[in-house]
Amino acid sequence: MLALNRAEELQAVRNDYFLADIRGTTAVIGVFNTRTQQYTVRLGINGPGAMPASWTLRPGEEFVQAAGHAEEGIIRSLGPDEIPVFGAASRNFCNDICLELINTRDVQVGGAGIRGHAEQNSPYTLFWSIDD
């Protein structure tokens, strides 16, 4: 739930375009590097824009500037030794792109019922690794 809280906190202060705080999406994804054995937390927004000026990163957080959906940009930017191990978004994962990227082997999706969802979105807004 910490990733969800952080995603919603950052989303609430977005000011990178008109109504970004209402119409945009923010994702927070924990990433484990299997080579270095280090964790980082990646933050992303919908679209290719720069990090919102209203955001302040916490230690261990990195902003990922990438085109596409917030979750998509982070996941597609991962290096060969990096795996997503937990995450959340400020709105439910879309069915066609993000849920397919997230819902892989050794990952559990959840958060159904936390908020309503449009037809193009899944009921899920959280994920976590179930691998030991």
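Remark: the chain carries a charge dipole of roughly 240 debye about the Cα centre, counting +1 on each Lys and Arg Cβ and -1 on each Asp and Glu Cβ. GNM remark for the chain: springs join alpha carbons under 10 Å apart, and the peak mean-square fluctuation among G113, G44, G87 falls on G113. Spread over its residues, the convex hull of the C-alpha atoms of the chain is 104 Å³ per residue.
Using the Cβ of I29 as centre and a radius below 13 Å, the other residues enclosed give a net charge of -2, where K and R count +1 and D and E count -1. Each peptide in 53-60, 20-27 gets a packing score, the mean of other Cβ atoms within 10 Å over its residues, and the list from highest to lowest is 20-27, 53-60. Stokes-Einstein diffusion for the range 44-95 at 20 °C, viscosity 1.002 mPa s, with a Kirkwood radius from C-alpha pairs, works out to 178 µm²/s. Solvent-accessible area of D81, all protein chains in place: 60 Å² (probe radius 1.4 Å, heavy atoms, ligands and nucleic acids excluded).
Over the residues of the chain, the helix contribution to mean residue ellipticity at 222 nm works out to -5000 deg cm²/dmol, using -39500 (n - 2.57) for each DSSP H run of at least 4.
Of the residues A7, A67, L99, the one whose Cα sits farthest toward the positive end of the charge dipole of the chain, with +1 on the Cβ of Lys and Arg and -1 on the Cβ of Asp and Glu, is A7. Length available on full extension from N15 to N103: 0.36 nm per residue minus the Cα-Cα distance, which gives 28.7 nm.
The values are calculated or read from the model by the stated rules, or taken from the named source; none is laboratory data. Quick caveat: nothing in here was measured; it's all calculated off a predicted structure. Note that each Cβ is placed from the backbone with ideal geometry, even for glycine, and that neighbours are counted across all protein chains shown. The accessibility values were calculated without ligands, DNA or RNA, using every heavy atom of the protein model including side chains. Shrake-Rupley method; radii C 1.70, N 1.55, O 1.52, S 1.80 Å.
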